[in-house]
Each structure stands twice: as C-alpha cells, then as structure tokens.
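Have a look at the structure below before the remarks.
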Amino acid sequence: MENLQDQIKQAEMPVACSNLSLQGTYGYSTSGSRQIDGEWYSYTEVGVNYFDGAGKLLNVYTNSLNNATYNEEGTYSVAPNCAAEMNYAGGDKFYLFTPPMGDKFYHIQATTPESPGGCNRAG
C-alpha cells in the first residue's frame, strides 16, 4: 500500500508558468471595506484586467464609492512556480497565484491591507 507522500509525488505535475500564463481578458468583482480619512466604507469593485502575455497590463474598473470608471496601466511578472506580482503606475501592488493553464488567478492587495482579495477569471 502506498503512503500519502508517494501518492502526492505521483500526482505532482511539473509547473511551467511564465508571463504567457496570463494573457487576455480577465473579469472580476471584489468587495469588502476601505478606510478613507479615518472612516470605514463598504466597498465593491468590478472590472476587467487585460494582460498582454509579455508583462504589461491594463485594468478598467468602477467602484461603489463614486461610480467613476478608471483606466490603470501596470506591469506584471509570473514566476515559474506560478506566483506573480502586479504593480500599477499609481503605486498599488498585488500578489497573485495562477494555475499553469492561466484560466484564472487569485489576488490579494499588498499595499492596502484592509482591501479585499479575490478571484479573476478569463473570459
């Protein structure tokens, strides 16, 4: 009888992620709360991330605080282990994980601890 460690080793697939793992359009929604000028507000954001497969991205989104539409450019980098970072020109930074097939990614915001994370799906 095989032990659990042997079963895990057999199930492991080689990971081969790169910037090409995130390419195309990914829709998202996220909600939580944000602190602005010392007061807490409910916050919802919906948008689309466009990844070029070479390290550049564009985020188009709106939020529940003012319903304005924003366009924000940035860069991203995906490591071979599928961990990644997104950095926007305005200073926001996100940590990501994407499965090797790149059909979605999970994110948390690194620069604003009270901000929500979420899942983005290709579409």
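The values are calculated or read from the model by the stated rules, or taken from the named source; none is laboratory data. Everything numeric in this text was worked out from a predicted model, so none of it was measured. Ideal geometry is used to build each Cβ from the backbone, glycine not excepted, and the neighbour counts take in all protein chains shown.
Some points to look at:
- Enumeration of residues in the stretch 57-73 that are hydroxyl-bearing (Ser, Thr, Tyr) and over 14 Å from the mean Cα position of the chain (by Cα): Thr62, Ser64, Thr69, Tyr70
- Number of the exception - Val15 against (1) at pLDDT below 90; (2) of a type outside the set (D, E, K, R); (3) not in a loop (DSSP other than H, G, I, E, B): (3)
- Any hit, the stretch 27-50, residues being surrounded by 14 or more Cβ atoms within 10 Å (Cβ to Cβ), closer than 21 Å to Met101 by Cα, of a type in the set (Ser, Thr, Tyr) and modelled with pLDDT under 95: yes
- Some residue of the stretch 62-77 being at pLDDT 85 or above, in contact with a helix residue (DSSP H, G or I) (Cβ under 7 Å, 6 or more places away or on another chain) and over 16 Å from Ala110 (Cβ atoms): no
- Restricting attention to the stretch 55-82, the residues being under 19 Å from Asp103 (Cβ atoms) and either hydrophobic (A, V, I, L, M, F, W, C) or in contact with a Leu (Cβ under 8 Å, 6 or more places away or on another chain) (or both) number 5.
- Taking the criterion of being hydrophobic (A, V, I, L, M, F, W, C) and at pLDDT 85 or above, the residues of the stretch 85-104 that qualify are Met86, Ala89, Phe94, Leu96, Phe97.
- Pairing residues of the stretch 49-72 that are more than 23 Å from Ser21 (Cα to Cα) with residues that are outside any strand (DSSP E or B), at Cβ distances under 7 Å and at least 6 apart in sequence or on separate chains, gives Thr62/Ala68.
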